[in-house]
1. Gap in Å between the Cα centre of the stretch 530-559 and the Cα centre of the stretch 486-520?
2. Cα-Cα over 24 Å: which of Lys232/Lys539; Lys230/Lys443; Lys153/Lys548; Lys4/Lys457; Lys405/Lys442; Lys322/Lys475?
3. Between Asp205 and Glu573, what FRET efficiency comes out of the Förster formula 1/(1 + (r/R0)^6) with R0 = 51 Å and r the beta carbon distance, rounded to 0.05?
4. Among rounded, prolate and oblate, which fits the stretch 212-313 when a ≥ b ≥ c are the square roots of the eigenvalues of its C-alpha gyration tensor, a/c under 1.5 means rounded, and a/b larger than b/c means prolate?
5. Give me the one-decimal nm value for the distance between modelled label points at Val508 and Glu437, 7 Å along each residue's Cα-to-Cβ direction.
6. Extension gain Ser518-Glu76, at 0.36 nm per residue separation less the Cα-Cα distance, in nm?
7. Go through the stretch 421-432 residue by residue and turn each phi into a ³J(HN,Hα) via Karplus (6.51, -1.76, 1.60, θ = phi - 60°); whole Hz please, and just put x for glycine and proline.
8. So, with a 1.4 angstrom probe, what is the percent of accessible area on the chain that is carbon and sulfur?
Amino acid sequence: MEWKTIEKPRRGWATVPHLLNYEQTRAAFSWEEARRALDGLPQGQGLNIAHEAVDRHAAGSRRNHLALRWLSKRGEIRDFTYGELSALTNRFANLLKNLGVGKGDRVFLLAGRIPELYISALGTLKNGSVFCPLFSAFGPEPIRQRLSLGDGKVLVTTAPLYKRKVAELRASLPGLQHVLLIGTPEETRAIPDTQDFHRLMREADDRFAIPPTDPEDLALLHFTSGTTGKPKGAMHVHQAVVAHHMTGIIALDFHPSDIYWCTADPGWVTGTSYGIIAPLTHGITSIIDEADFDAERWYNILRDQKVTVWYTAPTAVRMMMKVGAEVARKYVCDRLRFIASVGEPLNPEAVVWGQEAFGLPIHDNWWQTETGGIMIANYAAMDIRPGSMGRPLPGIEAGIVRREKDGRVEVVSEPGIEGELALRPGWPSMFRGYLHEEERYKKCFADGWYLTGDLAKRDADGYFWFVGRADDVIKSSGHLIGPFEVESALMEHPAVAEVGVIGKPDPVAGEVVKAFVSLKPGHEPSEDLRREVLGFARKRLGAVVAPKEIDFVSSVPKTRSGKIMRRLLKARELGLPEGDISTLEGET
Ligand code: AMP
């Protein structure tokens with residue numbers, strides 16, 4: 001079906017005067033100019049994300065402006081002004097300093113969306129330490145791997161999460177020197193080798209001077225998944241804040257009086273770049289909801305909190321669509337001005353549904369952990385092509401390329417031809433490496449391009465259209481999942497001989513994780529065994545990463561060199577042609 005372009009009302013253009021013309025804006029743009037929109041540390045001592053996000057507002061006219069409004073699961077509301085946030089993050093920075101935690105040391109956070117997470121993240125950055133978020137729904141195995149790969153020195157978590165997921169791992173993490181527990185005194189008391197977060201915060205001074213920070217100092221470590229091997233630690237530096245700030249204006253249409261809600265969890269990159277940093281650098285108010293998705297709760301939040309800019313994800317939009325437009329119409333969210341979405345393909349129906357439910361289209365945008373910030377977007381001033389990710393932001397050059405066998409790439413210049421989406425390196429929030437994996441990092445680049453691992457097309461007007469992943473990585477409810485991580489965990493079950501894991505298309509979640517398992521001799525497929533293996537995976541990996549489905553198979557197809565042929569498993573699952581199977585083990 002052909003979807004009509006959604007033309008933006010011309011008055012909308014006036015709200016973004018610097019974007020009157022796409023080509024002109026791009027031509028006039030420079031990152032140096034974008035950097036000038038920020039303060040820098042006093043006395044020219046560099047650039048620190050937390051200064052731009054908190055202290056500069058706390059020292060100015062926004063001191064008493066609401067920075068964060070936290071909505072607890074139980075209905076409690078807690079507000080933090082920029083002044084209060086500055087004092088609390090100072091305390092956390094001092095707390096770290098008092099523990100001997102310094103520049104470059106990794107501070108991991110494992111918590112739901114609670115105020116302490118946001119305070120710790122920004123306090124960590126003030127101290128020059130590196131903020132490393134972990135998704136709270138991860139099971140013990142993904143947590144252990146990331147803490148160990150990232151050389152975690154400090155872990156901030158809640159008492160219940162620690163007891164359930166981390167205590168058993170402690171002996172295998174000798175580098176983890178400090179575990180700070182959030183909870184009531186009753187909850188945190190008498191847990192060996194841990195300290196009480198709140199007690200240490202009370203004891204810490206609420207004045208702190210951010211030490212000189214080089215814009216290239218490491219600030220954030222985000223783990224992301226590949227097809228093979230362990231998760232990759234994408235390293236980001238303080239300078240990324242230039243891109244967070246700029247894209248907040250261009251792709252999210254931030255204005256000074258905005259009330260903004262980013263529904264992403266800070267355990268993933270969107271929840272950090274746009275759930276913590278970008279809105280604060282603009283001095284606007286962010287809503288944080290502790291609870292999980294619930295359509296009516298979300299409508300209530302949009303209406304009652306007078307949200308003006310909403311950044312969400314396709315899975316959530318599809319779940320809201322499922323509840324029906326009548327529910328949407330019960331709520332008058334008349335303050336809402338701009339809706340954006342990221343993380344997975346946003347189907348044209350969802351873009352158009354936005355107009356039915358809220359009178360506003362949904363602006364899809366594209367980026368990934370490695371890019372640190374939004375790269376391609378249907379932005380405020382642009383007409384929207386439903387189903388397209390939009391056009392590259394100013395300062396970003398995107399292309400469609402084909403990898404050649406000799407390692408070079410060929411740029412595909414004709415429109416409508418599928419190839420790999422590539423970006424010219426050089427923007428401030430670009431990752432600076434995969435921690436301890438120089439080779440893996442180098443492999444992402446060829447002929448002056450960063451290769452994203454996504455397949456896409458560009459149309460004649462320069463709009464980009466997502467086609468799929470070039471690799472076997474799975475996107476489920478917006479979360480990137482490495483099949484290898486799932487396979488490795490399942491292999492530890494005593495009955496399992498071999499495993500292949502794929503993403504099975506799903507109308508709501510985009511994809512769900514499905515495992516094909518062959519059993520060791522002496523074990524027979526049965527419903528009980530299936531449940532047991534599913535339970536085993538859930539316990540080790542956590543609900544987001546574990547497979548939702550398991551099929552028992554007599555053997556898992558592999559290449560002659562022993563690589564699992566996930567593509568073949570997927571083709572068989574979907575009833576599609578099997579493609580080239582000449583390398584399949586057993587084929588001649
Ligand atoms: P992550 O690094 O976890 O943020 O995942 C990044 C990946 O999510 C990208 O490489 C894409 O495969 C996918 N993705 C992100 N945004 C979009 C989008 N707007 N449309 C389609 N896929 C997207």
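The values are calculated or read from the model by the stated rules, or taken from the named source; none is laboratory data. As the structure is a prediction and not an experimental result, all values here were calculated from the model. Every residue, glycine among them, receives a Cβ derived from its backbone with ideal geometry; neighbour counts consider all protein chains shown. The accessibility values were calculated without ligands, DNA or RNA, using every heavy atom of the protein model including side chains. Shrake-Rupley method; radii C 1.70, N 1.55, O 1.52, S 1.80 Å.
1. A separation of 4 Å, based on Cα centres.
2. Too far apart for the 24 Å limit: Lys153/Lys548.
3. 0.30
4. In terms of gyration-tensor shape, oblate.
5. 3.2 nm
6. Fully extending the segment from Ser518 to Glu76 adds 154.2 nm.
7. Karplus values, whole Hz, x for Gly and Pro: 6, 10, 10, 6, x, x, 7, x, 8, 5, 5, 9.
8. Here carbon and sulfur together make up 51 percent of the probe-accessible area.
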